[in-house]
1. Provide the per-residue ³J(HN,Hα) series for segment 74-88, in order, calculated from phi with Karplus coefficients 6.51, -1.76, 1.60 and θ = phi - 60°, each as a whole number of Hz, with x at glycine and proline positions.
2. Among 40-46, 25-31, 111-117, what's the highest-first ranking by average C-beta atoms within 10 angstrom per residue?
3. Net charge near Leu54, counting Lys/Arg +1 and Asp/Glu -1 over other residues with Cβ under 12 Å of its Cβ?
4. When the chain is fully extended, how far beyond the present Cα-Cα distance does Ala109 get from Leu39, taking 0.36 nm per residue of separation?
5. Would you pull out the residues with amide H under 5 Å of Asp94's amide H, same chain only if 5 or more places away, H placed 1.01 Å from N?
6. Just need log10 I(q)/I(0) for segment 1-103 at q = 0.16 Å⁻¹, Debye formula, equal scatterers on the alpha-carbon atoms, no solvent, rounded to two decimals.
7. Show the residues, 5+ positions off or on another chain, whose built amide H is closer than 5 Å to the amide H of Val9.
Amino acid sequence: MTIAFVHGVPETAAIWDLIRAEFDEPTVALSAPGFGAPLPDDFDISSDGYLNWLIGEVEALDGPVDLIGHDWGGIHVIRLAMERPDLIRCWVSDIIGVFDPEYKWHDLAQAWQTPKVGEQTVGAMAMAPVARSRRPERQSDRHRRRLYGRGGDGPPRGGTRRRRNGRDAGS
């Protein structure tokens with residue numbers, strides 16, 4: 001069984017590196033055309049085009065696969081689950097709410113969807129320098145410390161603190 005990860009926008013497959021390192025099972029992070037992978041001249045840049053790309057990528061894996069999608073990639077994961085359930089064992093997406101007619105996109109996504117403004121916004125993002133950690137092997141340790149405190153080696157004494165609506169559960 002393979003676990004396949006699909007990133008959002010404007011990320012690339014590299015966003016999954018720290019998470020993938022935690023799995024013993026085989027994993028693959030798929031890079032969407034134009035977002036970490038070359039964009040062929042004849043590529044259909046519509047939602048259907050990206051769905052067809054994802055179907056092709058998943059068909060090429062030893063499946064069925066566990067498919068995990070984030071943000072824009074999560075939309076394609078949901079659509080694949082509806083159109084080609086034979087390719088997957090299970091799926092998860094963090095953006096299921098996008099199918100609600102009352103869903104409101106965040107400000108940046110709204111800008112991307114605005115004619116001329118979207119092109120300018122994406123163009124500015126493409127020209128921005130990419131921040132890199134001086135010690136990328138330590139990012140995981142910093143993340144663990146943020147989650148658990150102390151040396152980053154696990155939950156603090158007394159177990160993890162659960163949060164509900166931005167407050168500690170039980171408060």
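Readers should treat all values here as calculations from the given coordinates under stated rules, not as data from a laboratory. Here the structure is a predicted model, which is why all the values come from computation and not from measurement. Using ideal geometry, Cβ is built from the backbone for each residue, glycine included, and neighbour counts are taken over all protein chains shown.
1. These are the phi-based 3J(HN,Hα) values: x, 5, 5, 4, 4, 5, 4, 4, 7, 8, 9, x, 5, 8, 10 Hz.
2. Numbers: 40-46: 9.7, 25-31: 16.7, 111-117: 11.3.
The peptides rank, most packed first, as 25-31, 111-117, 40-46.
3. Details: positive: Arg79, Arg84; negative: Asp48, Glu57, Glu59, Glu83.
So the environment of Leu54 carries a net charge of -2.
4. Numbers: separation 70, 0.36 × 70 = 25.20 nm, distance 2.07 nm.
In short, 23.1 nm is gained.
5. It is Gly69, Asp71, by chain and number.
6. Each listed q corresponds, in turn, to -0.65.
7. Amide H to amide H, under 5 Å and 5 or more residues apart or across chains, Val9 pairs with Trp72, Gly73.
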